[in-house]
Each structure stands twice: as C-alpha cells, then as structure tokens.
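One structure is given below, encoded as structure tokens.
The values are calculated or read from the model by the stated rules, or taken from the named source; none is laboratory data. None of the values given here were measured: they were computed from a predicted structure. Here the Cβ is made from the backbone with ideal geometry for all residues, glycine too, and neighbour counts use every protein chain on show. Calculation scope for accessible area: heavy atoms of the full protein, side chains included, ligands and nucleic acids excluded. Shrake-Rupley method; radii C 1.70, N 1.55, O 1.52, S 1.80 Å.
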Amino acid sequence: GGAAPLLSVADLQVRYGPAQALFDVSFELAADTTLAVLGANGAGKSTLARALSGLVPPSGGRIRFDGRDITAKAPDVIRRAGLVHLPEGRGVFPALTVQENLRMGLAVDRADRKAALERAFSIFPVLAQRHRQRAGTLSGGEQQMLSLARALMVSPRLVIADELSLGLAPRLVDVVFENLQRAREAGVSVIMIEQFAHRALGFADRCLILQRGVVAWSGPAEAAGDELLHRYLGEG
Ligand code: ATP
C-alpha cells in the first residue's frame, strides 16, 4: 500500500439554500500532485474549491487533509493546516513594499518569519531584488508573483488556484503558470480550476471533470482527450 493521500474527499455535498450544487463528490489527491478541475459553467468547480477551503459549509460528506478532518472547519484553521485558497487575498497592498506584503502572509508573532521570507525569495528571486519597492510600482506579472508568494508564506502543502488566469492578458497567463510551476517545484500540490482546459491538462497530473455537481470523469490528465472535453465542456 502507498502513502495516505494528501487530500481525501468523500461524498461531499454542498447546498445553497434549496439548490444543491455538489452531490456526493469523492476523490483523492496524492502528495506532489497537480489536479485540474474542469467542467462547464455552473458545474460546481468554484463551489468545490470553496468547500475545501471552508468558505462554504458542506451539507454532507467528509474532507480529510494531511491526516486531519477539516470538514466544515473555519477558513483560517484550514489555511493554517496548510491548504491555501487563491485568489483569496489576490490583490497586493500597493502602498506597502514587497517585503511588507510578504510579511502580511504570516501571523505577527511567527518565529520562523525570516525562514519563510527567505523561502519566498528563493522561489521568486525577482522579489528579493525588489523587496524594498512599493508593490504598486511592480509590473502586473510581478504583482501576480507577489500575491502567490504571499500565499506561500505559510508553507502550504496544497494550493487551490481558482481561475487565476481569468481576464488576464496572455502574457500574464504565462506568468501564472510559471509561478504555479515554481510553487510545484517547491513541493506544493495544486488544485487548478482553469478556463483554458488544454493548458490546464498540459500542466496537471490528474483531471477531474464535474458535470452539474457530480464527478463525471476522473483520471490521468493525459487521458482526458478531446472527445471527453467536447462531451463535458463543449470544446476540444
Ligand atoms: P463557472 O465556471 O461559471 O465559474 P462553476 O463550475 O465554478 O461555474 P459554481 O460557481 O460552483 O460553478 O456554481 C455551481 C452552482 O451553484 C451553479 O448552479 C450556481 O448558480 C450555484 N451557486 C453558486 N454560488 C451560489 C450562491 N452563493 N448562491 C446560490 N447558488 C449558487
């Protein structure tokens, strides 16, 4: 038998009042794995992301993360357990410096703040060069980098990237993927919700397709072919 999965979701259900958005969603994610979550508009992708990170309470099911039951825990508890939801706090504070922005990613009395800063700077050397520069004067790509670096300050084991590239210029979409790749190289697992299905599949190890709140398909990313995408997303 292999190691226990990093994330284990069993029979997850989410309701918004009378409307049910997720029905018995179950899947597992191994450590050091990137999962692309795909599905048509309204399929429940963002709801899944919100339920995992505690932003909406599940009405049924269990979520285990890194050996703990995190079902219906508060977002801050889940974040401190090592599961970070992006773009939660996507914006940077323009009047603060790069370094001040990064420090806000940590609790005030965090003893290993220096180590966390050094880690962020080693993942994103550009930010080290610019640590005294006000965030508002960074380029769009650098601000995107800073936002992710700040989320990584808690050394998460899993990052949920919900449509990070939505509405971005193509060059910044490239930056998003480059940055997520750096996070991944630093040992972070990623759940990616992405409008560009082919791009997400080229990046991810695994794929899960939602359709009207149920898991319609899951498997290796390279096995999610055009016929499947066409059937569930109307493209490909
Ligand atoms: P998109 O790709 O359009 O962002 P999605 O796959 O992320 O869609 P969700 O945003 O999770 O889908 O929505 C799933 C279903 O839940 C939809 O039918 C949506 O209308 C409904 N829903 C989402 N948020 C709420 C809410 N706050 N209140 C009521 N219904 C909601």
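Tabulated results
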item: Single residue of segment 13-44 satisfying the filter (more than 9 Å from the ligand (Cβ to nearest atom) and of a type in the set (Phe, Trp, Tyr)) that is farthest from Leu180 (Cα to Cα); result: Phe23
item: Segment 44-72 residues that are in contact (Cβ under 8 Å) with a residue 40 or more places away in the chain and among the polar types (S, T, N, Q), paired with ones that are open to solvent by 20 Å² or more (accessible area, probe 1.4 Å) and away from the ligand (no atom under 16 Å from the Cβ) (beta carbon under 9 Å, 6 or more apart); result: Ser53/Arg79
item: Residue in segment 219-232 that is among the charged types (D, E, K, R), outside any strand (DSSP E or B), open to solvent by 60 Å² or more (accessible area, probe 1.4 Å) and in contact (Cβ under 8 Å) with a residue 40 or more places away in the chain present; result: no
item: Unique match (being of a type outside the set (Ser, Thr, Tyr), within 16 Å of the ligand (Cβ to nearest atom), more than 26 Å from Phe65 (Cα to Cα) and open to solvent by less than 60 Å² (accessible area, probe 1.4 Å)) among Leu164, Leu168; result: Leu168
item: Number of positions in segment 185-203 that are open to solvent by 10 Å² or more (accessible area, probe 1.4 Å), in contact with a strand residue (DSSP E or B) (Cβ under 7 Å, 6 or more places away or on another chain) and not in a helix (DSSP H, G or I); result: 1
item: Matching residues in segment 45-66 - criterion: being away from the ligand (no atom under 13 Å from the Cβ) and under 12 Å from Ser26 (Cβ atoms); result: Gly60, Gly61, Arg62, Ile63, Arg64
item: Residue in segment 9-32 that is buried (at least 17 other Cβ atoms within 10 Å of the Cβ) and of a type in the set (Ser, Thr, Tyr) present; result: no
